[in-house]
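Trainee: One structure, pasted below without further comment.
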Amino acid sequence: MPKVTYRHPDGREDVVDVPVGWSLMEAAIQNDIEGIVAECGGGCACATCHVYVDEAYADRLPAIGDMEGDMLECTAAERQPNSRLSCQIKMSAELDGLQVTLPDRQT
């Protein structure tokens, strides 16, 4: 099963097995990852599952859609070029080893 590393602002890391087809947000919620709030439950209607994607994986992700782009304008932590909403990143075998950093706040 593909793995994702969630890096916390304090340097801690959680490595999680993520079933193919699940979003990174779903995996975070199911594994009690602190720092992913997911107020809208994955509907791309909030920005509380914001993550910073490791640059090595950025080109493997689909482009940011209009809805995600709009929501990224509402993040509590600074939006960066590698900002994404974890509800919009679906796990695939190609993303095995993906690393994301959690922002210091979601709300």
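The values are calculated or read from the model by the stated rules, or taken from the named source; none is laboratory data. Just so you know, these numbers come straight off a predicted model, no measurement behind them. Counting neighbours? That spans all protein chains shown, and the Cβs are built from the backbone with ideal geometry, glycine included.
Trainee: Any residue in the range 85-107 that's closer than 13 Å to Ile33 by Cα and of a type in the set (Lys, Arg): show its pairings with residues that are part of a helix (DSSP H, G or I) and modelled with pLDDT of 95 or more at Cβ separation under 9 Å, as long as the two are six or more apart or on different chains.
Mentor: none
Trainee: A follow-up question, please. Take the conditions on the phi < 0 side of the Ramachandran plot, in contact (Cβ under 8 Å) with a residue 40 or more places away in the chain and outside any helix (DSSP H, G or I) and apply them to Tyr52. Does it pass?
Mentor: On the way: on the phi < 0 side of the Ramachandran plot: yes; in contact (Cβ under 8 Å) with a residue 40 or more places away in the chain: yes; outside any helix (DSSP H, G or I): yes.
When the stated conditions are applied, Tyr52 passes them.
Trainee: So which of Val20, Val15 ends up being surrounded by fewer than 18 Cβ atoms within 10 Å (Cβ to Cβ) and touching a helix residue (DSSP H, G or I) at 6+ places or on another chain (Cβ under 7 Å)?
Mentor: Val20
Trainee: Within the group Ala27, Ala38, Ala47, which residue is in a loop (DSSP other than H, G, I, E, B), among the hydrophobic types (A, V, I, L, M, F, W, C), at pLDDT 95 or above and in contact with a strand residue (DSSP E or B) (Cβ under 9 Å, 6 or more places away or on another chain)? Working first, answer last.
Mentor: Working: Ala27 fails: in a loop (DSSP other than H, G, I, E, B); Ala38 fails: in contact with a strand residue (DSSP E or B) (Cβ under 9 Å, 6 or more places away or on another chain).
Exactly one of Ala27, Ala38, Ala47 is in a loop (DSSP other than H, G, I, E, B), among the hydrophobic types (A, V, I, L, M, F, W, C), at pLDDT 95 or above and in contact with a strand residue (DSSP E or B) (Cβ under 9 Å, 6 or more places away or on another chain), namely Ala47.
Trainee: Can you tell me which residues in the range 24-42 are crowded, with 21+ Cβ neighbours inside 10 Å and of a type in the set (A, V, I, L, M, F, W, C)?
Mentor: Of everything in the range 24-42, those that are crowded, with 21+ Cβ neighbours inside 10 Å and of a type in the set (A, V, I, L, M, F, W, C) turn out to be Leu24, Met25, Ala27, Ala28, Ile36.
Trainee: Which numbered condition trips up Ala63, out of (1) in a loop (DSSP other than H, G, I, E, B); (2) hydrophobic (A, V, I, L, M, F, W, C); (3) under 17 Å from Leu102 (Cα atoms)?
Mentor: Single failed check for Ala63: (3).
Trainee: Is it true that Met67 is buried (at least 18 other Cβ atoms within 10 Å of the Cβ), over 16 Å from Val4 (Cα atoms) and free of Cβ contacts under 8 Å to residues at least 40 places away in the same chain?
Mentor: Details: buried (at least 18 other Cβ atoms within 10 Å of the Cβ): no; over 16 Å from Val4 (Cα atoms): yes; free of Cβ contacts under 8 Å to residues at least 40 places away in the same chain: yes.
In short, no.
Trainee: What are the residue pairs meeting all of these: first residue in the range 6-33, first residue closer than 14 Å to Cys49 by Cα and polar (S, T, N, Q), second residue at pLDDT 95 or above and exposed (fewer than 15 other Cβ atoms within 10 Å of the Cβ), Cβ atoms under 8 Å, and 6 or more apart or on different chains?
Mentor: Partner pairs satisfying both residue conditions: none exist.
Trainee: Out of all the residues in the range 93-107, which are of a type outside the set (S, T, N, Q), more than 23 Å from Pro19 (Cβ to Cβ) and surrounded by fewer than 17 Cβ atoms within 10 Å (Cβ to Cβ)? Break it down into steps so the answer makes sense when it comes.
Mentor: At the first step, the residues of the range 93-107 found to be of a type outside the set (S, T, N, Q) are 93-98, 100, 102-105.
Those left that are additionally more than 23 Å from Pro19 (Cβ to Cβ): 103-105.
Hits for the range 93-107 are Asp104, Arg105.
Trainee: Name, by its number, the condition in (1) under 13 Å from Met25 (Cα atoms); (2) of a type outside the set (Ser, Thr, Tyr); (3) crowded, with 17+ Cβ neighbours inside 10 Å that does not hold for Lys90.
Mentor: (3)
Trainee: Would you say Val15 is in contact with a strand residue (DSSP E or B) (Cβ under 7 Å, 6 or more places away or on another chain) and modelled with pLDDT of 95 or more?
Mentor: Numbers: in contact with a strand residue (DSSP E or B) (Cβ under 7 Å, 6 or more places away or on another chain): yes; modelled with pLDDT of 95 or more: yes.
Spelling it out, Val15 is indeed in contact with a strand residue (DSSP E or B) (Cβ under 7 Å, 6 or more places away or on another chain) and modelled with pLDDT of 95 or more.
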